[in-house]
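The values are calculated or read from the model by the stated rules, or taken from the named source; none is laboratory data. Predicted, not measured: the structure shown is a model, and the values here were computed from it. Every residue, glycine among them, receives a Cβ derived from its backbone with ideal geometry; neighbour counts consider all protein chains shown.
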């Protein structure tokens, strides 16, 4: 450490001092004389290196005590001489300190100390900014074996004739997210131990949300983790994900051996391990940020080789669980999988592939090459499933609001509308405003690949019945897990999907397995249905089960046993003719295995023979897909094309469709003319597949075919529209686009807007002048959202149109046009926004939005105002916005209340000079509305303090409560002493809000008078003299005030609470809340997410009970207890109980009624069962699905507001 000289700054040019030396402290050592920059450890004299000038060196011996001589030597060439001590100066003695400082002058000592300091500082900075070496994860906490699983089975509901038994439970496995059953019947289980312990949720970390939104790669995410938690990285690596292997060695339907196949997935950026798939000797494992390929070479059930095939998944944290999922094999022999809206940026040898703001479906070859982005716009897709016709579907989770999950067809180039940043908007932005989550309708945006059905609130595992084990009644049925946080309401639904033109519809949906917290479902080689059970909650409690459901009557049938044996042995020993016959097998797994085996042997003629001659449609389809696989070999492309050519004119429409599909996938250009003919096929499925293929094979000459297809479809079928759009996007040229732009069909012009969106074509700006508002809407979405910067100016100019022309546009188009002006930042843009705010014909909330844009003009948020995406803008001069607002101020102040209030706030934020006089007149005008006067006074407070105190003192005695409240708040800042006097009056006011506000303000004043008032308030609180609706405010104000006296009074108050009362610390929240604020918490608070599970006034989820009448049916204390200790009282109909009587009878159901003598349950079949309490030997119940920490995610004031809102819900009994 250098001596405490404040050495002068030196000019690099001449080495002379350019500032005065400071006055030295008396016990500092004398600075050495110098003629050039000097310091404590300069080298000895070196005339050559110093240009002939002497450089200071320390004397051979230094005294360790200050000199007492009155003759102090001054520096000879320093301009700061006047600041040196006078000759009579005597330094104060400080021997220990002086010894240390003088030691620094000794040769080498200063250098050593300085070196140590630098190294220490570097080490500290390294810890703060660099990643530490990855330590192995801690051993997970897994529950011991118990009878809980067997008891839980008694509460399951499943079809008659089925039988359920436990395949495996803790401690053989825990926290199962997903699983995969191999052809040998082994089960790979993805176990998660990092939920909220490494796999984070932005709702729990609001301080890094901006960093998360700004991230563009996994490296960016790693960087901001280290930025915020560089000294606490172990919290992100303490727990790791696992891939477990379960083996049933004796084939009795129960796991006998459990090994950890792979673990150590605990990097700071590791996500949830949520997908596994075995392919030959390799096991593929999905765990953000990597797609892993594992291999067990010695057969010990543990991975020996670990290779990252693809890296770059999980750009954001976003919301927990939106990870890499759904590994499955496609009919083309490639690997398909999903990625949630945490985004991806994957670097491959073929280039970078990025989709950073939405969930997606991808595919690649088994070595990771050929990575393709198929479909985007998803939120949290889990499992993927193919049907018997090669159609691909996914169930996408809802947005944790009052929407429903979506069942979506996956198509190349598809976009289903969701963007990750929507979740940071209270109303989910365009996702709700433009109804993007709705099933298909003409009014939806044309770029959208919509859902064809809704599937509840928590879809997880998804599978389709392979064809054997359950009987013909399940043929074509899909099995979908519904995860709701608790067994009640969770289970497995089944349904069918039927064609509806080229699109689809869901039919015959029903709950097949009930009361199990299912995360995944799959079919074993034995024909049984396997279901994984998370057991309880959302984070994982170290428990987990896998149940096996089997149809007893069919388990021993010949076809089931044959499939089991063939899958275990494989088809390598089958002859070519046998494989050809197996292409038509009843079980899809056998058909696919036969297809892949024939492709491996590469006999194109064998596949072609089946494709042309087989009677089974299923066999022909698998043969066609096999031919498509062979076309990957360039030497076989011509032969494959020749085999496919006659199939494009086959009598079977599905054969024509699949032949066209394969021709496009394989890029068989020699079939282009035949594929073009199929675009006009009678079958919509054939038209769809042909158009999609022609988009890959065609040329600009085929653009006319796209226009014809779109015009004839007229938006009736969304997939046919999508295929036409893909043709325009890939094949369209200037001639085609001009023809489409002038086409009389509105669907054609809308499709053109989407095609130009996909190409980011700036000429899309011309569509903003279209005569149909739906075309303008589509163009505006593209320009703003993609974005297309070259067309932004045209969108901003849309506000120059006459108001009558703007009325037919979607409100979101107007919002986007406003935002483009806001982003423009010039005077003309501010003038457009201000002019829009004065237009009475425009929606009121958009006029308010316009004024808010002006208010935020100077320091714009880095988040986009429409999308909430990361689109930073520089700070800019408020002048243009201030001038624009001043020119229209009189007109906007004459508008309705919300517009007027926004105008006042904007005027204050921009400090519009002309507004001060207007605001002062409004404050004093008692004929004005109270809110107008209060808003005006509040706006004046934003201008500054000069001259405002007298007005605030005057208004503190106004007749209107809100005016008095704002006046007191201003006095706290302007005249604290006077404010105490006014607040003493306020705490005794009759109005609840006025009392509460006065106590809250007292807590901010560090004055003795305020302390005395708060102390008196605490004594009154202890004595029960404070009104119940104000007790929390007194308590919080006293806690905020720093005072020993108040701390003692607070401690006495807390000690007086009942230690046996779990609600004691929260009882002050029972009364006094703000119902409107509580409504905002219920519908918009992202951390508690009430709306996800509960419905109010027709909005919300169905996981928990309906709350529209909760205030009429329940007391406030019940509401508080449900929030603070949710497992203490579970709503009737939502507590699943298993009862064991002394006679050995086991029954399960939900509690309908209970008292000291009897218990009545309602079973899952609706049967009512009654028990005498004395006959019940044992009883077990599952926990509430309500998050146990919900109350801790709210502060006490928010909790009080939420209770007030819930208590106000007194809807009619008919609701």
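With the structure loaded, tell me whether residue 608 is over 30 Å from residue 560 (Cβ atoms), surrounded by fewer than 24 Cβ atoms within 10 Å (Cβ to Cβ) and at pLDDT below 95 or whether it fails that test.
no
Which condition from (1) touching a strand residue (DSSP E or B) at 6+ places or on another chain (Cβ under 7 Å); (2) outside the structural domain of residue 420 (by TED's automatic domain parsing); (3) under 30 Å from residue 357 (Cβ atoms) is the one that residue 217 breaks? The number of the failed condition is (2). Residues of the range 268-296 that are in a loop (DSSP other than H, G, I, E, B), buried (at least 18 other Cβ atoms within 10 Å of the Cβ) and touching a strand residue (DSSP E or B) at 6+ places or on another chain (Cβ under 8 Å): 270, 271, 272, 288, 289, 296. Put simply, of 1000, 993 the only residue that is under 45 Å from the mean Cα position of the chain (by Cα), over 23 Å from residue 1051 (Cα atoms) and assigned to a helix (DSSP H, G or I) is 993.
Taken over the range 894-904, the criterion of being assigned to a helix (DSSP H, G or I) and surrounded by fewer than 19 Cβ atoms within 10 Å (Cβ to Cβ) is satisfied by 897, 898.
When residue 804 is evaluated against the numbered criteria (1) within 27 Å of residue 913 (Cβ to Cβ); (2) in a helix (DSSP H, G or I), which criterion, by number, is the only one it fails? Only one criterion in (1) within 27 Å of residue 913 (Cβ to Cβ); (2) in a helix (DSSP H, G or I) is unmet by residue 804, namely (1). Among the conditions (1) out of contact with any helix residue (DSSP H, G or I) (no Cβ under 6 Å at 6 or more places or on another chain); (2) at pLDDT 95 or above, residue 403 misses just one, which is (2). Please go through the range 426-458 and give me each residue that is modelled with pLDDT under 95 and within 30 Å of residue 531 (Cα to Cα), ordered by number. Result: 455, 456, 457, 458. Scan the range 782-804 and tell me whether some residue there is touching a helix residue (DSSP H, G or I) at 6+ places or on another chain (Cβ under 6 Å), touching a residue at least 40 places away in the same chain (Cβ under 8 Å) and buried (at least 20 other Cβ atoms within 10 Å of the Cβ). Looking for residues that are touching a helix residue (DSSP H, G or I) at 6+ places or on another chain (Cβ under 6 Å), touching a residue at least 40 places away in the same chain (Cβ under 8 Å) and buried (at least 20 other Cβ atoms within 10 Å of the Cβ), one finds at least one in the range 782-804, hence yes. For residue 640, are the conditions met, namely being under 23 Å from residue 563 (Cα atoms) and either over 43 Å from the mean Cα position of the chain (by Cα) or surrounded by fewer than 24 Cβ atoms within 10 Å (Cβ to Cβ) (or both)? No, not satisfied. Counting only residues that are over 33 Å from the mean Cα position of the chain (by Cα) and modelled with pLDDT of 95 or more, the range 800-828 holds 3 of them.
Residues considered: 226, 213, 246. Of these, the only one that is crowded, with 21+ Cβ neighbours inside 10 Å and either within 29 Å of the chain's Cα centre (by Cα) or under 27 Å from residue 400 (Cβ atoms) (or both) is 213.
Just one of the listed residues (1032, 1013) is under 21 Å from residue 969 (Cα atoms) and touching a residue at least 60 places away in the same chain (Cβ under 8 Å), namely 1032. For the range 553-585, taking the residues that are assigned to a helix (DSSP H, G or I), touching a residue at least 24 places away in the same chain (Cβ under 8 Å) and exposed (fewer than 15 other Cβ atoms within 10 Å of the Cβ), the one that is farthest from the chain's Cα centre (by Cα) is identified as 576. Residue count for the range 399-414, restricted to those that are in contact (Cβ under 8 Å) with a residue 60 or more places away in the chain and in a loop (DSSP other than H, G, I, E, B): 6. A single entry from 527, 542, 537 fulfils the requirement of being touching a helix residue (DSSP H, G or I) at 6+ places or on another chain (Cβ under 6 Å) and in a loop (DSSP other than H, G, I, E, B): 527. Among all residues of the range 725-744, there is at least one that is surrounded by fewer than 16 Cβ atoms within 10 Å (Cβ to Cβ), assigned to a loop (DSSP other than H, G, I, E, B) and in contact with a helix residue (DSSP H, G or I) (Cβ under 7 Å, 6 or more places away or on another chain). Screening the range 586-700 for helices (runs of 4 or more DSSP H) wholly inside it with 2 or more residues that are farther than 25 Å from residue 725 by Cα and without any contact (Cβ under 8 Å) to a residue 12 or more places away in the chain returns the ranges 604-613.
Of the residues 1153, 1170, which single one is farther than 27 Å from residue 1077 by Cβ, surrounded by fewer than 17 Cβ atoms within 10 Å (Cβ to Cβ) and at pLDDT 80 or above? That would be 1170, the only listed residue that is farther than 27 Å from residue 1077 by Cβ, surrounded by fewer than 17 Cβ atoms within 10 Å (Cβ to Cβ) and at pLDDT 80 or above. Screening the candidates 1193, 1132 for the property of being over 28 Å from residue 513 (Cβ atoms) and either within 38 Å of the chain's Cα centre (by Cα) or at pLDDT 80 or above (or both) yields one hit, 1193.
Restricting the range 905-920 to residues that are more than 24 Å from residue 836 (Cβ to Cβ) and in contact (Cβ under 8 Å) with a residue 12 or more places away in the chain, the residue that is surrounded by the most Cβ atoms within 10 Å (Cβ to Cβ) is 916.
There is at least one residue in the range 1021-1028 that is without any contact (Cβ under 8 Å) to a residue 12 or more places away in the chain and on the phi > 0 side of the Ramachandran plot.
Here is a yes/no grid of residues against (1) out of contact with any helix residue (DSSP H, G or I) (no Cβ under 7 Å at 6 or more places or on another chain); (2) free of Cβ contacts under 8 Å to residues at least 12 places away in the same chain; (3) on the phi > 0 side of the Ramachandran plot; (4) part of a helix (DSSP H, G or I):
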{"site": "922", "(1), (2), (3), (4)": "no, no, no, yes"}
{"site": "927", "(1), (2), (3), (4)": "yes, yes, no, no"}
{"site": "933", "(1), (2), (3), (4)": "no, no, no, yes"}
{"site": "939", "(1), (2), (3), (4)": "no, no, no, yes"}
{"site": "946", "(1), (2), (3), (4)": "yes, yes, no, no"}
{"site": "953", "(1), (2), (3), (4)": "no, no, no, yes"}
{"site": "973", "(1), (2), (3), (4)": "yes, no, no, yes"}
{"site": "979", "(1), (2), (3), (4)": "no, no, no, yes"}
{"site": "983", "(1), (2), (3), (4)": "no, no, no, yes"}
